[in-house]
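Heads up: the structure comes next, in C-alpha cells.
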Amino acid sequence: MVAGDAEIGGVNAAAVHRRLDALWRMESPKLLARLARITGNIDTAEELAQDVLVVALERWPREGVPDNPAAWLMTAAKHRAIDHVRQRQLHARKQDEYGVELELHGADMQGDDAQRLADDDIGDDLLRLLFTSCHPLLPMESRVALTLRMLGGLSTPEIARAFLQPEPTVAQRIVRAKRTLAEKQVPFEVPRKAELPERLDAVLEVLYLVFNEGYAATSGDDWMRPALCEEALRLGRVLVGLLPNETEALGLLALMELQASRMPARTQADGTPILLPQQNRSRWDRLQIQRGLQALVRAQRLGGADGPYALQAALAACHARARRFDDTDWTAIAALYARLMQVAPSPVVELNRAVAVAKAQGPQAALAIVEGLAAEPKLRDYAPLPAVRGDLLQQLGRLDEARVEFERAAALTANARESTVLLARAAACDAA
C-alpha cells in the first residue's frame, strides 16, 4: 500500500474519497460487466459492486490507497461474485448454473450451457454485457438509457442531456426497464451470435453517447473526459472485429477515430478549452485520422455511405482533411448536414447545419435557421442553441443581443469550462 492523501491515521479521508469517486466513475462499468458475467444477474452485480465500494470507502482512508486501486476493486469484486455463486450453488445443489464453473473449477459443461458458450464469440466482458442488456423486449430508448446508466457509467442528468429530455422522464424509463426485465424473468445471459444484429443499433447508440459525453462533458470541471472516449473507442474496435461487414459499426468507429484525433489540441495544459478555429492542427493525431478514414472508406464501399454514423464520419473527415481552418470545405459540410437531416432528422443536426451554413453562406442565412429552432421544445434548455445564436449575432455586429445569448448559454451549461468560455465571449461583446 502507498501512503494516502488523508488524516485518518495520517491519511486525508476527503482526498481519498475524491480519488475513489473519480476512479469509480471509470471502473464501475467494468466491474458490473465482470460481476454480471459471473453471476448472470444484473441486480446482483449492482449489489455486489456497491458492497465493494463500501468496503473501499471504509478501508482506504484507514489503510491507504492500494498501489493499483483499479486492480484492487476488480479483485474484490471477483471474490465477492465467486462467494455469491458458491453460496447459490450450495443452496440450489447445482454445479453448472450460468456456466460459471468453467471459470471457478475448470469443469466441463454440457447441453445448452456448452452450446451457449460456443456461441459466445464476443470476447470482451463489457461489450458482451452491452449486447446482453440491450434486450429487444425493451423499447429502443429504454434499452439505451438502461445500458448507459449501468454500463456506460453516465449519470441520469448526463443521459437526459443526451436524449434532450427531462431528468425525471429518463429516471422513470430506467426504473421501468429494470422492472420489465425482472417481471418477464428475462435471463441475463449472452445472446447467441444470430441474435446480435437485432441488438446492434442500441449497442451502437450507447457507444456513440458514451463517446460524446467523453468528448464534451455534460458537467464538472473538465472540458473532456478522455477515459470515456478511450473506452468507447476500444469497444468500437472490438465490435468491428466481431462484425467486420456491419457498415454502421464501421461508420461509428470512423467517427470516433476522427473526432478523437483532435483531442490533444482541444485544451491547453491547464485544461482551458481551445475551440476549433484556434486549434494547432499539427497536434492532431495523423495516424488516428488515417485509421478513421480507412474505416469510413470500408463503410462506403460496403454500401453504407448514407448511414447516420457514416455521414457524421464524413463530416469529421472534411475537418480532418483540412490542414488549416480556412481550408475547410464548409459547402460540402453544409450539404452533408442536409443529407443527415433527411436520414436522421434532429434539431441538433439542424443546429449544426446552421453553423456550417454560416461559414458557407454567411451569418444572416444561418440566423434564419436558428430562429426557426427557437420554439423547439427539445432545445429549450440546450446551451448550444443560445451559444450559436450569440455567435451569429456577434458576427452581424448585434453585440448587445449576442452578450445576452452568451450569458444565457453559460447559465444553461453545467460544465465549468464551457461556462467560462461563454462568459468570456459575453464580456468581449461588452468590451467591443
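Which one of Arg93, Arg59 is closer than 30 Å to Arg18 by Cβ and modelled with pLDDT of 50 or more?
Values: Arg93 fails: closer than 30 Å to Arg18 by Cβ.
Step by step, each of Arg93, Arg59 is checked, and only Arg59 is closer than 30 Å to Arg18 by Cβ and modelled with pLDDT of 50 or more.
The single residue among Gln288, Gln312 that is without any contact (Cβ under 8 Å) to a residue 60 or more places away in the chain, farther than 17 Å from Asn245 by Cα and under 23 Å from the mean Cα position of the chain (by Cα) turns out to be Gln288. Of all residues in the range 319-376, those satisfying the criterion of being hydroxyl-bearing (Ser, Thr, Tyr) and not in a helix (DSSP H, G or I) are Thr328, Ser346. If you check Leu151 against the conditions, is it farther than 15 Å from Leu196 by Cα and either touching a residue at least 12 places away in the same chain (Cβ under 8 Å) or of a type in the set (Ser, Thr, Tyr) (or both)? Yes: the conditions hold for Leu151. Restricting Arg80, Arg59 to those that are free of Cβ contacts under 8 Å to residues at least 60 places away in the same chain and surrounded by fewer than 18 Cβ atoms within 10 Å (Cβ to Cβ) reduces the list to Arg59. Scanning the range 231-253 for residues that are more than 16 Å from Asp201 (Cα to Cα) and touching a residue at least 24 places away in the same chain (Cβ under 8 Å) yields Glu231, Leu233.
The number of residues in the range 360-386 that are of a type outside the set (A, V, I, L, M, F, W, C), within 20 Å of Ala414 (Cβ to Cβ) and surrounded by 19 or more Cβ atoms within 10 Å (Cβ to Cβ) comes to 2.
Val186 passes every criterion in (1) under 26 Å from Gln294 (Cα atoms); (2) hydrophobic (A, V, I, L, M, F, W, C); (3) outside any helix (DSSP H, G or I) apart from (1).
With respect to the conditions (1) surrounded by fewer than 15 Cβ atoms within 10 Å (Cβ to Cβ); (2) part of a helix (DSSP H, G or I); (3) not β-branched (Val, Ile, Thr), Asp67 lacks only one, and its number is (2).
So which of Leu392, Leu385 ends up being over 20 Å from Ala217 (Cβ atoms) and assigned to a helix (DSSP H, G or I)? Spell out how you get there, then give the answer.
Details: Leu385 fails: over 20 Å from Ala217 (Cβ atoms).
Exactly one of Leu392, Leu385 is over 20 Å from Ala217 (Cβ atoms) and assigned to a helix (DSSP H, G or I), namely Leu392.
Taking the conditions (1) within 28 Å of Val421 (Cα to Cα); (2) exposed (fewer than 14 other Cβ atoms within 10 Å of the Cβ) in turn, Gln279 satisfies each one other than (2).
Given the criterion among the aliphatic types (A, V, I, L, M) and assigned to a loop (DSSP other than H, G, I, E, B), identify the matching residue among Ala310, Ala269, Ala254.
Working: Ala310 fails: assigned to a loop (DSSP other than H, G, I, E, B); Ala254 fails: assigned to a loop (DSSP other than H, G, I, E, B).
It is Ala269.
The values are calculated or read from the model by the stated rules, or taken from the named source; none is laboratory data. All values reported here derive from a predicted model rather than from experimental measurement. Note that each Cβ is placed from the backbone with ideal geometry, even for glycine, and that neighbours are counted across all protein chains shown.
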